[in-house]
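In what follows, a single structure is set out as structure tokens and then discussed.
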Ligand SMILES: Nc1ncnc2c1ncn2[C@@H]1O[C@H](COP(=O)(O)OP(=O)(O)O)[C@@H](O)[C@H]1O
Ligand SMILES: [Mg+2]
């Protein structure tokens, strides 16, 4: 007679095989990209989570599509970690529903953890075992693990295999936690403020790694308090503040739609007055400071109009496009401070 664990493993194996076969069929059928990208892997509806009288998450709804890098960005205390932990099944929502790959995280934790990867916070690992031992240990948690040897290579940890976790530098510890998050060949991987405290180079490396993970077919859900990171890295971004979503879309769409201004500046002779530019299409405001004309408004329209003007040259032209930080300012009336 087969014992319960063997049966359970078989069911898990078959479920995976079925999912994989479905993906293959879908790929062979070559369905349109739009439709593919519209497959919803995570659906969050009206999520509420309170800690006593703190409304950490206060009615949040969004969806995450297969194959995207989805980011949640907002200041400290906005509710990012609480949201991600509810989605990972680590916290039970007070109200609302969450579906991840068709599962309810707080009920179907075991099945879910075979399908998702989460990056553990530094300090939650064992200090007195080596990188290799950690990898092997985590590999034993999954019925169909990735090859830990491949992951060690992918994360550039080959030279560190026999080093104790506690002896690793911060950056290497972080890479190890990423390797562990990928151990179960997850369909979705979660990163909570993974680059906080990184220097710019380490941050760029991490961005590249996240892009690679996505390129290999894994959907990425991340949180960050850096607007720059959200803008650079994410396909779609949800800006969260005080437990509520204030905007959600592609960064470029948010920037275009919210009317955040571009700034176009160039030097001119004393004879040219700001009024010359005031009537141009796309212009909101014109200033002249120390012989420099500064025009605020829709950057594309302004540039098209300037180029079409006769007798105007644009020495030392500078164009500052609006960023996600400007979107935040437009939406909340406040400067964004990391
Ligand atoms: N375990 C907890 N107990 C009580 N309050 C908490 C707890 N975790 C978070 N909070 C509070 O909930 C709010 C949201 O926190 P969090 O989800 O950690 O935000 P973020 O990850 O965006 O910084 C904050 O006001 C925070 O102080
Ligand atoms: Mg957090």
ask   = What single numbered condition from (1) within 16 Å of ligand 1 (Cβ to nearest atom); (2) closer than 25 Å to residue 110 by Cβ; (3) at pLDDT below 95 fails to hold for residue 178?
value = (1)
ask   = Within the range 258-278, is even one residue crowded, with 19+ Cβ neighbours inside 10 Å, in a helix (DSSP H, G or I) and out of contact with any strand residue (DSSP E or B) (no Cβ under 7 Å at 6 or more places or on another chain)?
value = no
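Can you report the number of residues in the range 175-194 which are within 16 Å of ligand 2 (Cβ to nearest atom) and either touching a helix residue (DSSP H, G or I) at 6+ places or on another chain (Cβ under 9 Å) or not in a helix (DSSP H, G or I) (or both)? Steps first, answer last, please.
Step one: filter the range 175-194 for residues within 16 Å of ligand 2 (Cβ to nearest atom), giving 177, 190-194.
From the residues that got through so far, the ones that are either touching a helix residue (DSSP H, G or I) at 6+ places or on another chain (Cβ under 9 Å) or not in a helix (DSSP H, G or I) (or both) too are 190-194.
Residues that pass the stated criteria total 5.
Yes/no matrix, rows are residues, columns are (1) assigned to a strand (DSSP E or B); (2) within 16 Å of ligand 2 (Cβ to nearest atom); (3) more than 28 Å from residue 8 (Cα to Cα); (4) over 21 Å from the mean Cα position of the chain (by Cα):
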| position | (1), (2), (3), (4) |
| --- | --- |
| 55 | yes, yes, yes, yes |
| 72 | yes, yes, yes, no |
| 77 | no, yes, yes, no |
| 82 | no, yes, yes, no |
| 87 | no, yes, no, no |
| 112 | no, no, no, no |
message = Filter the range 217-238 down to the residues that are closer than 21 Å to residue 43 by Cβ, crowded, with 21+ Cβ neighbours inside 10 Å and away from ligand 2 (no atom under 15 Å from the Cβ) and list them by number.
response = 218, 219, 220, 234, 237
key: Number of the exception - residue 98 against (1) assigned to a loop (DSSP other than H, G, I, E, B); (2) touching a residue at least 40 places away in the same chain (Cβ under 8 Å); (3) touching a helix residue (DSSP H, G or I) at 6+ places or on another chain (Cβ under 7 Å)   = (1)
message = Checking the structure you have, find out if any residue of the range 268-275 is within 16 Å of ligand 1 (Cβ to nearest atom) and without any contact (Cβ under 8 Å) to a residue 60 or more places away in the chain.
response = no
query = Taking the range 119-165 as the region of interest, how many residues are at pLDDT below 90 and assigned to a helix (DSSP H, G or I)?
reply = 1
inquiry  = Condition check: touching a strand residue (DSSP E or B) at 6+ places or on another chain (Cβ under 8 Å) and within 16 Å of ligand 2 (Cβ to nearest atom). Does residue 100 satisfy that?
reply    = no
task = Taking residue 283 as the residue in question, decide whether it is surrounded by 14 or more Cβ atoms within 10 Å (Cβ to Cβ), modelled with pLDDT under 90 and over 26 Å from residue 69 (Cβ atoms).
result = no
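Identify, from the list 64, 43, 60, the residue that is touching a helix residue (DSSP H, G or I) at 6+ places or on another chain (Cβ under 8 Å), surrounded by 11 or more Cβ atoms within 10 Å (Cβ to Cβ), modelled with pLDDT of 95 or more and in a strand (DSSP E or B). Don't jump to the end; show me each part of the working.
Numbers: 64 fails: touching a helix residue (DSSP H, G or I) at 6+ places or on another chain (Cβ under 8 Å); 43 fails: touching a helix residue (DSSP H, G or I) at 6+ places or on another chain (Cβ under 8 Å).
Result of the check over 64, 43, 60: 60.
The values are calculated or read from the model by the stated rules, or taken from the named source; none is laboratory data. Computed from a prediction, not measured in an experiment: that's the story for all the values here. We place every Cβ from the backbone using ideal geometry, glycine too, and count neighbours over all the protein chains shown.
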